[in-house]
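Report on the structure given below.
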Amino acid sequence: MEIRQITAGERTDTMFPLQAYAFGSSPWGDAERETYARRMVYYRTVTSLIAEEDGQTLAGVAAFPMRQNVRGVVHDMAGVASVSTHPSARRRGFVRQLMVRLMGQMREQGCAVSALYPFRPSFYGRLGYVGVPRVRTATFAPEGLSHLLRADLPGEVERFRLSEGFDEFNALTLRLLRERHGFSVYDETRTAEFRESPPLWVAIARVDGEVVGAVTYRIDQYGGDLVADDLLTTGPLGRALLLQFLARHVDQVTQIVLTIGSDEIPELWDTDLAVRTEGRVQFPGKCGPMVRLLSIDALNGLHAGAERDVSVEVVDDELLAGRYRISADAGTLTVEETKDEPQATLTCPGISALAYGVLDPVEVMTRGFGQVETPAVEALSALFPKKMPYLFADF
Ligand SMILES: CC(C)(COP(=O)(O)OP(=O)(O)OC[C@H]1O[C@@H](n2cnc3c(N)ncnc32)[C@H](O)[C@@H]1OP(=O)(O)O)[C@@H](O)C(=O)NCCC(=O)NCCS
């Protein structure tokens, strides 16, 4: 088996049959192949690797160049996707070898972190990834927001076709990339595809001309559902304006299905709001995303919870293994190599879970991601307070 990096143009004859078989309904027709080939113009910056044997492509993996906010620092991120193996070549270790190569290569290209949506988290857990929250959906009837309907809010909401409102929508995602922990976006090459995506509305909320929120959505039918994607806001006023806009669909749609981050509490949005909030996880197809550090340097500059220092050893990972002193000064983390005896031994999922704020040190131990001596539990909790990331981008 040989691993080869291919161009976007080569993906149609190599990766497409694997992906179409793995993820689509099949057999596929010429139309699907042509659509895929046309889309490859948006994949020019993707790193695609394939495993070949006797000229036949047996497995493939890819990484989108993306950016992600981790505790206030925007890192280059490898968004892993297109992972598939020919059924006759499965369980021969091809994807493991491709993933190891891809992670090393993406780190060389400057990516400090990586994220993906797994088909089964334990598969990627062995490659160093750890789970972060899945988005939730809030389902409610618009009349539940009747208080908001009458509220006089200082701002306005305008509705566009997404193709027309795209620049403002995209500018808001770039602002949230700077401001929101976990938020990630594609590069410009891939982002361009979303402007052309299937028809969607976008509602844009403004206060004094400044965009404070946006949500894309579609309406399936009169008396049916208004299905909205991620509720993107810069704060409570943006949220209230967008919810008020959605509430105005009372007597037009029966229910609103809205995608929200794990930190949203819909039952607090209005007094008489009957709402179902769900975060369903199921294999394959409905998993929370996973993340990992590709480089220990990713910790430098992150916003720290408090001033402490601790020495840790990261084990079982080619990219991160070593002994490090992690400290905080004036609210910012610093990491440097050390020869000190470690007060904590962490796997890649363990240190990644702390960096992303999804587990505290005791949970790191109970999940089997490391051992932390008692004094280091307090130090690591203080350095890395829990803080749930919101990934946004779906890939
Ligand atoms: C999932 C898939 C990509 C795995 O590819 P593969 O080449 O068979 O994987 P590998 O042989 O490299 O397996 C790597 C490891 O995962 C384990 N593994 C493989 N399939 C697994 C599964 N379904 N569940 C749990 N573990 C699995 C292997 O035993 C191996 O473990 P080890 O490294 O400890 O020995 C392949 O089965 C496939 O194409 N499935 C359909 C598409 C899909 O689900 N893609 C993933 C999208 S995120």
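Every number in this text was worked out from the coordinates using simple rules, so none of it is lab data. As the structure is a prediction and not an experimental result, all values here were calculated from the model. Using ideal geometry, Cβ is built from the backbone for each residue, glycine included, and neighbour counts are taken over all protein chains shown.
Between ALA382 and GLU2, the modelled label-to-label distance comes to 5.6 nm, taking each label 7 Å out from Cα in the direction of the beta carbon. Label zone (GLU168, point 7 Å along Cα-to-C-beta; backbone nitrogen cut-off 13 Å) within the range 174-211: 202-211.
FRET efficiency for the pair ARG38 and GLU179, taken as 1/(1 + (r/R0)^6) with r the Cβ-Cβ distance and R0 = 41 Å, rounds to 0.75. When each of the peptides 69-81, 355-367, 330-342 is scored by how many other beta carbons lie within 10 Å of its residues on average, the order from highest to lowest is 69-81, 355-367, 330-342. For the range 72-95, the residues whose backbone nitrogen is under 11 Å from a point 7 Å from the Cα of HIS303, taken along Cα to Cβ, are 72-73. For a modelled paramagnetic label at GLU373, 7 Å from Cα along Cα-to-Cβ, the residues of the range 322-345 in reach, with backbone nitrogen under 17 Å, are 323-327, 338-345.
With a Förster radius of 30 Å applied to the beta-carbon distance between ALA274 and ARG218, the computed FRET efficiency rounds to 0.80. Here the 3J(HN,Hα) profile of the range 89-96, calculated from phi with Karplus coefficients 6.51, -1.76 and 1.60 at θ = phi - 60°, is 10, 5, 6, 10, x, 5, 5, 4 Hz, Gly and Pro shown as x.
Between ARG120 and ARG150, the simple label model (points 7 Å from Cα in the Cβ direction) yields a spacing of 5.5 nm.
If the chain linking GLU267 and GLU188 were pulled fully straight, counting 0.36 nm for each residue of separation and taking away their Cα-Cα distance, it would gain 24.8 nm. Residue-wise HN-Hα couplings along the range 162-173, as the Karplus relation 6.51 cos²θ - 1.76 cosθ + 1.60 with θ = phi - 60° gives them from phi, are 4, 4, 8, x, 4, 5, 5, 4, 5, 4, 5, 4 Hz; Gly and Pro carry x.
Distance between the 7 Å Cα→Cβ label points at ARG195 and ASP340: 5.1 nm.
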